[in-house]
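Scroll down for the structure; my scribbles are underneath it.
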Amino acid sequence: MERHYLSMGWRDALFAHWPVDAAVVDDRLPPGLTARTHDGSAWLGVIAFVMEEIRPRGVPAPLGLTFGEANLRTYVAGPDGGEGIYFFNLDAADRLSVGIARQFYQLPYYTAHMEIDRRGDVPGETGPHERTVDLSSHRAHAGVPDAYLDATYGPEGDRFRPEDGTLEQFLVENYRFYLAEGDVGERGDGGDLFYGDVAHPPWDLYEADLDLRSTNFFEANGFERPDTEPLAHYSPGVPVRADRIRRVD
């Protein structure tokens, strides 16, 4: 990405994914987007991480903002032939950033109270691993459904980088997101589609030791919560650059 508008780091990331019927996801997508599948299923993911040093191009990293984010997302194909992510919600612990994202990007961001406790060293290539993240999020945004997430997670096993064609690569290596005019407000109103691109190195992953105590992210977005255990991964994180939003032609 030669030109970018924002720089940041995504750190101590949790990826928790559930397989679901593609038709169930398609029913919740705006016109023009369709659910992508792997192993015959669409996938819903609860993703949580710390956004570090978010700043516009040219602003020094120490002046950037740092806060937690948690979201529910799926994987889609766009009418432009692109592939990427669609967010059902993005809950974040910074009121100013939420307001900017909603007004200028029309992303479904919501203000949340978050408590994040990160303990132990960031893991190396092999264990044992002492990194543990306690994350509790509770939405504090007026006029929208309640949403919460309470989990403890960390790495286990050895670090790996997903290989081409694997489910892990499908779930984490996505460099475009889509949004629809109306995602902030009434969803699926037939408005125009937009996309944004991001650039970052490939994710290094570990299997995650996850204690997901509670979440209603599924119900808050009109889904039934899957009754299976999630496929869970942890990553120390990546540096990220983000471009501006563009209309899908």
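For the reader, a short list of remarks on this structure follows.
- Along the chain, counting only trypsin sites (Lys or Arg not before Pro) with a DSSP assignment other than H, G, I, E or B and at most 13 other Cβ atoms inside a 10 Å radius, the longest segment between sites is 58-243.
- The Rg/Rh ratio of segment 94-137, with Rg taken over Cα atoms and Rh as the Kirkwood radius over Cα pairs, comes to 1.23.
- Full extension of the chain between ASP192 and VAL59 gives 44.7 nm of extra length, using 0.36 nm per residue less the Cα-Cα distance.
- Against the criterion of solvent-accessible heavy-atom surface with a 1.4 angstrom probe, VAL133, VAL198 sort, most first, into VAL198, VAL133.
- Rounded accessible area per residue of the chain, 1.4 Å, Å²: 46 Å²
- Estimated inter-spin distance, TYR175 and GLN103, nm [label 7 Å along Cα→Cβ]: 3.2 nm
- Along its first, second and third principal axes, ordered by size, segment 69-158 spans 43, 36, 20 Å in Cα coordinates.
- Helix-only arithmetic for the chain: the sum of -39500 (n - 2.57) across DSSP H runs with n ≥ 4, divided by the residue total, places the mean residue ellipticity at 222 nm at -2500 deg cm²/dmol.
- For a label point 7 Å along the Cα-to-beta-carbon line of SER214, residues of segment 133-167 with backbone N under 15 Å: 135-140, 146-152
- Per-residue SASA entry for ILE100, accessible area with 1.4 Å probe, Å² rounded to 10: 80 Å²
- Spacing of the two label points (7 Å from each Cα toward its C-beta) at ALA23 and LEU96, in nm: 4.9 nm
- The convex hull defined by the C-alpha atoms of the chain has an orientation-averaged projected area of 12.9 nm².
- Orientation-averaged projection of segment 1-81 equals 7.1 nm² [convex hull of Cα atoms, one quarter of hull surface area].
- Fully extending the segment from ASP164 to ASP134, taken as 0.36 nm per residue of separation minus the present Cα-Cα distance, adds 7.7 nm.
- Computed over the alpha carbons of segment 1-141, Rg followed by Dmax gives 16.9, 47 Å.
- Whole-angstrom gap from segment 55-88 to segment 6-30, using each part's C-alpha centre: 11 Å
The values are calculated or read from the model by the stated rules, or taken from the named source; none is laboratory data. Quantities reported herein were computed from a predicted structural model and do not represent experimental measurements. Cβ: placed from backbone, ideal geometry, glycine included. Neighbour counts: every protein chain shown. To get the accessible areas, we keep the full protein, side chains included, count just its heavy atoms, and leave off ligands, DNA and RNA. Shrake-Rupley method; radii C 1.70, N 1.55, O 1.52, S 1.80 Å.
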